[in-house]
Amino acid sequence: MKTIRYIFKKQIILLMMLSVFCLKGQAQVEDKLHFNVDWQMNAPISTDFADKISGWGMNFEAGYYVTPRWSLGAFLSFHTNHKYVDRQTLQLSPTESLTTDQQLSAFQLPFGLSTSYRLGQNDYLKPYVGVRLGAMYAENSSYMTTVRYYSNPWGFYVSPELGMNIYPVPDKRLGFHVALYYSYATNQTDLLIYSMNGQNNLGFRVGICF
Amino acid sequence: MKKLFLFALAVTALFSSCEKDPDLNKLSSDYAVYTNYDNSIQFNKFSSYYLPDSILIAGSGMKAQYWKDENAQKIIHEVVTEMDDRGYTRVDDKDKADIGLQLSYAQSTTQIISPGYGYGYYGWWGAGFWGPFWNDWYYPYPVSYSYDTGTFVAEMVDLTAKPADESKKVDLPVIWHAYASGLMYNNSRIDMQLTLRAVGQAFEQSPYLNILYTDK
């Protein structure tokens, strides 16, 4: 009987220890997980297609700190830029001409993996440098009064980023997030008279982190 | 891997609906005007043209219907003015004309696909209208387009391409075409004004339609 009691006691202690480890493990996972939800301002550069800066975009990101400074994660963002082009005659080919005005629209939806490295150890301000790699879906359109011509190419996407998480109350998970980014995607578009071999963007994001 | 790909596609489809549409109210009410032509043709070799006194209404059924009222005459008059300004002379006998012009108005969406040959729409101008020696007609250049409701179409055919032996039929080439489309205002005065402006634009962006043109 003593032996049985001893085995039970030992099992109970082991279970308690395991549950403590589990709880501790769960807490650690939660501490290491972090999320960003941002509004973004984006300006296409080095193009004459829909290059007007706009704030029609968002960014979503989830990461996990594999070391205290280094995080790995995934992201998805989307953005639309427009540009009005006054009525003009477009030479579509040596024999084709089209006279119209247009609303040009460039929609981009990159997603993939992200990594970042924290700089400094301030409890309130946590700056970082990061880079994103992935794929980008684009939809470049020319809207006329009754028709829309469009191209929806895919490409590879890379984006270095410099950002900062701001925690007004350091003990709380919730904070603010700001970031500056540049992005390049290999998407190619030939639409009417417009030809794009790659898409470049500059922008910034403002949002929350938790 | 397949599941991941499908998931990525589903996410892409979901978020692509987040695209912000541009403000289409900024767009001008003027019609978009498209022109194309056969660049192997020297349009200055022609001097006379035949233009019917009616406009075909496409999409009104299998049987062709023609528009002949005062508004139709205004459009025809505008085409005549543009052709005359470019040195061409209108003739009453199509057998004596170098080129023919046919005007059409798409009453409903009309799909035309022609990769050089063929013509897949009934209720349009028949090649036989231009003489018994024309079998069918074709674009010497690739075209593939759809005319939306309310589209005005002008086509020019080369009547000098008729066979030496008139008992043998040949195909009639369309050497120039133009179409104009935009929003209909259901106001005949405004729609007419926009159509007349579009006719003028079609000729303006086709400088090769001139008996004095010497760019070749």
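The values are calculated or read from the model by the stated rules, or taken from the named source; none is laboratory data. Since the structure is predicted, the reported quantities are computational estimates derived from the model, not experimental observations. So basically every Cβ, Gly included, is an ideal-geometry build from the backbone, and we count neighbours across all protein chains shown.
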Practice item. Give the residues of the range A:135-156 that are more than 9 Å from every other protein chain (Cβ to nearest Cβ) and of a type in the set (S, T, N, Q), sorted by residue number. Key: A:140, A:142, A:151
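Any idea which of A:132, A:118, A:205 is away from chain B (no Cβ under 14 Å), in contact (Cβ under 8 Å) with a residue 60 or more places away in the chain and basic (Lys, Arg)? It would help to see each step written out before you state the result.
Values: A:132 fails: in contact (Cβ under 8 Å) with a residue 60 or more places away in the chain; A:118 fails: in contact (Cβ under 8 Å) with a residue 60 or more places away in the chain.
It is A:205.
Going through B:111, B:107 one at a time, which residue ends up being at pLDDT below 85, of a type outside the set (Ser, Thr, Tyr) and surrounded by 14 or more Cβ atoms within 10 Å (Cβ to Cβ)? So that I can check it myself, show each step before the final result.
Numbers: B:111 fails: surrounded by 14 or more Cβ atoms within 10 Å (Cβ to Cβ).
Unique residue meeting the criteria: B:107.
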**Study point:** Restricting the range A:43-70 to residues that are part of a strand (DSSP E or B) and more than 19 Å from residue A:133 (Cα to Cα), the residue that is nearest to the other protein chains (Cβ to nearest Cβ)
**Key:** A:56
Study note, to complete from the structure: In the range B:147-182, residues that are within 11 Å of another protein chain (Cβ to nearest Cβ) and either under 23 Å from residue B:209 (Cα atoms) or in contact with a helix residue (DSSP H, G or I) (Cβ under 9 Å, 6 or more places away or on another chain) (or both) total 10
**Study point:** Selected residue (criterion: nearest to residue B:27 (Cα to Cα)) from residues of the range B:185-214 that are in contact with a helix residue (DSSP H, G or I) (Cβ under 6 Å, 6 or more places away or on another chain) and not in a helix (DSSP H, G or I)
**Key:** B:185
Practice item. Mind listing whichever residues of the range B:18-37 are within 7 Å of chain A (Cβ to nearest Cβ) and under 28 Å from residue B:176 (Cα atoms)? Key: B:27, B:28, B:30, B:32, B:33, B:34, B:35, B:36, B:37
Check your understanding: Out of all the residues in the range A:81-100, is one or more more than 13 Å from chain B (Cβ to nearest Cβ) and either under 28 Å from the mean Cα position of the chain (by Cα) or of a type in the set (A, V, I, L, M, F, W, C) (or both)?
Key -> no
Practice item. State all residues of the range A:152-210 that are modelled with pLDDT under 95, touching an Asp or Glu at 6+ places or on another chain (Cβ under 9 Å) and among the hydroxyl-bearing types (Ser, Thr, Tyr); if no residue qualifies, say none. Key: A:167, A:194
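Consider the range A:72-90. How many of its residues are closer than 28 Å to residue B:141 by Cα and touching a Ser or Thr at 6+ places or on another chain (Cβ under 6 Å)?
Let us first name the residues in the range A:72-90 that are closer than 28 Å to residue B:141 by Cα, namely A:87-90.
Now restrict to residues that are touching a Ser or Thr at 6+ places or on another chain (Cβ under 6 Å): A:87, A:89.
Here the count works out to 2.
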